[in-house]
Every structure is written in structure tokens, then in C-alpha cells.
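Asker: After the C-alpha cells below, expect a handful of questions from me.
The values are calculated or read from the model by the stated rules, or taken from the named source; none is laboratory data. Only a predicted model underlies this, so the values are computations on that prediction, with no experimental measurement involved. Here Cβ is always computed from backbone atoms with ideal geometry, including for glycine, and neighbour counts include all displayed protein chains. Each accessible area value is taken on the protein alone, full model and side chains, heavy atoms only, with ligands, DNA and RNA left out. Shrake-Rupley method; radii C 1.70, N 1.55, O 1.52, S 1.80 Å.
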Amino acid sequence: MTGFRRGLYAAALALTAVMGSVSGASAQTSLVLGTASVGGTYYVYGGVVAQILSDKAKLQITPQQTQGPNQNVILVNDGKMGLGMTTMGVALQAMRGSGAWTKGKKYEGIRALFPMYDTPMQCVSLAKSGITNFKQLEGKTVGIGPKAGTAGTYFPMIFDALAMKVSVRNGQSVDMSNQLKDGLLDAFCFGAGAPVPAFSELDAEQQVVFYTWTPDEIARIRKAMVEFTDSTIPKGTYKQQTTDQKTVGLYNFAIASKDMTDDLAYLVTKTVLENNAAMLRAHAAAKDTIAANATRNTFLPFHPGAVRYYKEKGIKLDPATIPQ
């Protein structure tokens with residue numbers, strides 16, 4: 001065998017080994033994917049991720065409704081769930097053990113896989129209420145989604161940052177929407193990838209007003225919660241939203257346990273990011289589910305299997321996110 005042929009043979013063996021390890025990661029693999037409440041973007045998006053991983057990677061993925069990012073972090077960290085979704089704000093609280101929901105515990109067993117999308121914060125009220133801005137919620141009753149969700153975690157902190165006294169109610173997104181329609185809530189404030197299914201339903205069925213914050217209020221919120229970034233909800237996201245709305249947002253990432261095998265983490269990351277067109281057909285927020293947005297993570301360690309994929313794609317990750 002010539003040197004050239006030996007080189008080709010060795011390369012073929014190496015390629016076969018790599019492909020075998022990746023395909024082997026999918027054999028008989030069954031995982032539960034933590035999403036969030038019905039009516040929120042996580043619930044819809046998670047269903048699409050599960051379908052793509054099942055169809056394209058031949059994994060058995062079961063999406064499971066949860067209270068949202070906080071609970072997903074806990075379940076993935078404790079090995080009770082294979083995959084989850086979280087905002088970077090909740091991930092930062094988890095790593096530091098700083099959020100009230102952590103009870104001082106540091107959740108250091110989670111690893112980032114792939115970027116999802118931005119979560120902008122926004123409120124909606126019935127037009128007949130006369131409420132058109134955030135400050136008018138002083139003394140009012142406001143629904144903020146599940147207690148362990150992104151909105152349920154952050155809106156009480158936002159009210160505190162703006163020195164507002166508000167009565168908050170927690171519950172599933174669909175319940176919050178129904179309570180607003182029934183006059184039991186003055187506003188429904190939420191955070192999810194836009195368009196939010198529950199907001200879209202309200203937009204189609206009721207005369208509503210969408211609103212966020214003034215520049216001064218946004219500055220005060222960001223000073224109190226540095227994990228927030230500036231975000232914009234484009235006009236036309238909802239038919240009754242006729243102007244761009246400046247707001248604050250948190251990026252979302254899919255997570256897995258640090259104990260997931262490298263091959264499986266690689267397969268999950270690669271499969272989702274290389275099927276963006278299918279993701280986008282299911283939800284507009286998936287336009288941001290691309291490899292380049294992995295750089296939006298600046299602190300949460302990536303899983304080594306995901307790092308391998310980004311290295312192949314030439315994505316320069318923040319050094320702080322590369323596991324040692």
C-alpha cells in the first residue's frame with residue numbers, strides 16, 4: 001500500500017470512528033426536555049426542538065411542561081431531567097446562589113449547549129382599563145406568570161427597582177391571559193420570545209395596549225440587574241403594537257448536565273443549529289438560534305461536546321465559558 005493510500009485509509013478509519021461515536025450517541029437515547037407553561041414561547045419552542053432531535057438525530061425527546069427556567073436549572077443540575085432551557089439571568093443567579101429561589105445553593109452542574117433567542121419583557125392591559133404605561137400599575141394587580149419562570153422571578157425585582165407597590169399573581173400564561181380578559185388582573189407582564197402565544201391570542205381577541213418602560217426606567221432596571229441587556233420588540237409583532245418598543249431582555253440557552261456524554265452534547269447542539277429553517281417555520285424567535293449567537297454567553301461554561309462543535313464552525317467563544 002502506498003503512503004498516499006495508507007493516508008487515505010487512516011483518514012477513512014478516523015472519519016468512521018467519529019461518525020460511529022456520534023451515531024452511537026443517539027442509539028436508544030431517551031431524554032426529557034424541560035420547557036415552561038402553556039401559552040409561553042418555551043412550551044412551543046421546546047416542542048419543536050424535541051421534534052427535530054427525534055426526526056433528525058433519532059433521539060427520543062419528550063418535552064415536559066415546567067414552571068420555567070428556575071425549575072429547569074434545578075432538575076437538570078440534579079440529574080432529574082436531561083435537557084432544559086433557561087435565561088442567562090437565571091443561570092447567573094444559579095451559579096452564584098444569589099436568587100431567592102436558590103436558597104443560597106450554587107447550581108454548578110449545568111452546562112450550556114446552544115443559544116435560543118432573546119427574551120424581551122413587556123406588559124399588556126385591556127384598552128378599556130386606561131392603562132398605557134408601567135407607572136400606572138402602582139397599586140394594581142398584575143399577573144406575572146409562573147413563580148419559577150423568568151417573568152415570575154424578575155418582575156417583582158423590577159417593581160422594587162422602580163419603588164412600586166404592586167400586588168402580583170402567579171400562574172400559567174394561559175390563566176394570566178384569561179384573568180386579564182375577565183377583569184381579575186389590571187395587567188399581564190411577561191417575558192418570552194416574541195411573539196408570545198398568550199399575547200398573540202389577546203391581540204386577536206381583545207382591544208389591548210402593549211407597553212414597556214421609559215429610557216430612565218430602563219436605566220434604573222439595568223443598574224439594579226446587570227444581567228439585562230437592551231432589547232427591542234419591533235412594531236407589528238402584534239397587530240395592535242404600532243411602534244417599536246424599547247425594553248430589557250435576557251438571552252436564552254439550552255442546558256444539559258455536565259455529566260452528559262461529549263458525543264451526545266455534540267449531537268444535540270449540531271442537530272438543532274443545523275436545522276434552523278425547520279425551527280423558524282415553527283416560531284419566529286428561532287431566527288436567533290444560530291451558532292454565531294453562542295458568543296452571547298459570557299459566563300456559563302459550555303459543555304465540552306458543544307465546544308467541539310463551535311470550534312469546528314470557527315466560533316470564538318468567550319474564554320470564561322470554556323470548561324477547564
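Asker: At R0 = 30 Å, how high is the FRET efficiency between Glu108 and Thr229 if r is their beta carbon distance? Nearest 0.05 is fine. Don't jump to the answer; show the numbers that get you there.
Answerer: Values: r = 24 Å, r/R0 = 0.80.
The calculated FRET efficiency here is 0.80.
Asker: Quick check for me: using +1 on Lys/Arg Cβ and -1 on Asp/Glu Cβ, what's the dipole size of the chain about its Cα centre, in debye to the nearest 20?
Answerer: Details: 32 positive and 24 negative charges, 126 e Å.
The dipole of the chain has a size of about 600 debye.
Asker: Here's something else I'd like to know. Are there GluC sites (Glu not before Pro) in region 136-208 that DSSP puts in a loop and that have at most 13 other Cβ atoms within 10 Å, and which ones? Mind showing how you got there, number by number?
Answerer: Values: sites: Glu138, Glu201, Glu205; in loops: Glu138.
Passing both the DSSP loop test and the Cβ count: Glu138.
Asker: What is the angle, in °, between the Cα long axis of helix 150-161 and the longest principal axis of the Cα atoms in the chain? Nearest 10 is fine, range 0 to 90.
Answerer: Orientation of helix 150-161: about 50 degrees from the principal axis.
Asker: Quick one: among Gly171, Gly97, Gly236, which has the greatest mean-square fluctuation in a GNM of the chain with alpha-carbon springs under 10 angstrom?
Answerer: Ranking Gly171, Gly97, Gly236 by mean-square fluctuation puts Gly236 first.
Asker: Taking springs between alpha-carbon atoms closer than 10 angstrom, which of Asp244, Asp262, Asp288 fluctuates most in the Gaussian network model of the chain?
Answerer: Asp244
Asker: Now, a different point. Taking 19 Å as the cut-off for C-alpha to C-alpha distance, list the pairs among Lys147/Lys287; Lys147/Lys181; Lys128/Lys239; Lys128/Lys181; Lys140/Lys246; Lys181/Lys287 that go past it. Please list the in-between numbers first.
Answerer: On the way: Lys147/Lys287 28 Å; Lys147/Lys181 21 Å; Lys128/Lys239 17 Å; Lys128/Lys181 11 Å; Lys140/Lys246 23 Å; Lys181/Lys287 31 Å.
Long pairs (Cα-Cα over 19 Å): Lys147/Lys287; Lys147/Lys181; Lys140/Lys246; Lys181/Lys287.
Asker: Using label points projected 7 Å from each Cα along Cα→Cβ, tell me how many nm separate Phe299 and Ala161, to one decimal.
Answerer: Going by the 7 Å Cα→Cβ label model, 1.3 nm.
Asker: Give, rounded to the nearest 20 debye, the magnitude of the charge dipole that region 165-324 has about its Cα centre when Lys and Arg contribute +1 at Cβ and Asp and Glu contribute -1 at Cβ. Numbers along the way, then the final one.
Answerer: Working: 18 positive and 18 negative charges, 79 e Å.
About 380 debye.
Asker: Just how far, in whole angstrom, is region 179-195 from region 102-165 if you go by their alpha carbon centroids?
Answerer: Spelled out, the Cα-based centre of one part sits 11 Å from the other.
Asker: Per-residue counts of other Cβ atoms within 10 Å, averaged by peptide: what ranking do you get for 315-321, 45-51, highest first? Walk me through the intermediate numbers first.
Answerer: Working: 315-321: 13.0, 45-51: 21.7.
For the peptides 315-321, 45-51, the packing ranking is 45-51, 315-321.
Asker: Go ahead and estimate [θ] at 222 nm for the chain from helices alone: -39,500 (n - 2.57) per DSSP H run with n ≥ 4, summed, over the residue count, rounded to 500.
Answerer: Values: 11 runs with 126 residues, N = 324.
After summing the helix terms and dividing by residue count, I get -12000 deg cm²/dmol.
Asker: Put a dot 7 Å past each Cα toward the Cβ at Thr141 and Glu201; how far apart are the dots in nm?
Answerer: 2.0 nm
Asker: Dipole size in debye (nearest 20) for region 122-260 around its Cα centre, Lys and Arg Cβ +1, Asp and Glu Cβ -1? Intermediate values should be presented prior to the final figure.
Answerer: Working: 14 positive and 14 negative charges, 43 e Å.
That gives region 122-260 a dipole magnitude of about 200 debye.
Asker: Helix 215-224: angle to the longest alpha-carbon principal axis of the chain, degrees 0 to 90, nearest 10?
Answerer: 60 degrees
Asker: Classify region 139-297 as rounded, prolate or oblate, taking a ≥ b ≥ c as the square roots of the eigenvalues of its Cα gyration tensor: rounded when a/c is under 1.5, otherwise prolate if a/b is larger than b/c and oblate if not. Numbers along the way, then the final one.
Answerer: Values: a/c = 1.78, a/b = 1.53, b/c = 1.17.
Since a/c reaches 1.5 and a/b is larger than b/c, the shape of region 139-297 is classed as prolate.
Asker: Mind checking the angle between helix 262-273 and the chain's longest principal axis? C-alpha axes, 0 to 90 degrees, to the nearest 10.
Answerer: That works out to roughly 60 degrees.
Asker: When a/c is below 1.5 the answer is rounded, else prolate if a/b is larger than b/c, else oblate, so apply that to region 191-267 with a ≥ b ≥ c taken from the square roots of the Cα gyration tensor eigenvalues. Don't skip to the end; give the middle numbers.
Answerer: Numbers: a/c = 3.41, a/b = 1.54, b/c = 2.21.
Because a/c hits 1.5 or more and a/b fails to exceed b/c, region 191-267 counts as oblate.
Asker: At a 1.4 Å probe radius, which order do Trp101, Trp213 fall into by accessible area, largest first?
Answerer: Details: Trp101 50, Trp213 20 Å².
So the residues, ranked largest to smallest area, are Trp101, Trp213.
Asker: Ranked from highest to lowest mean number of other Cβ atoms within 10 Å per residue, what is the order of the peptides 152-160, 84-92? Don't skip to the end; give the middle numbers.
Answerer: Numbers: 152-160: 20.9, 84-92: 26.9.
Listed from highest to lowest mean packing, they are 84-92, 152-160.
Asker: Under 15 Å Cα to Cα from Lys235, which aspartates and glutamates show up? Leave out anything in the same chain fewer than 8 places away.
Answerer: Straight-line reach from Lys235, under 15 Å: Asp203, Asp244.
Asker: Have a look at Ala284, Ala187, Ala256 and tell me which one the Gaussian network model of the chain (Cα, springs below 10 Å) gives the largest fluctuation.
Answerer: Checking each option, the largest mean-square fluctuation is seen for Ala284.
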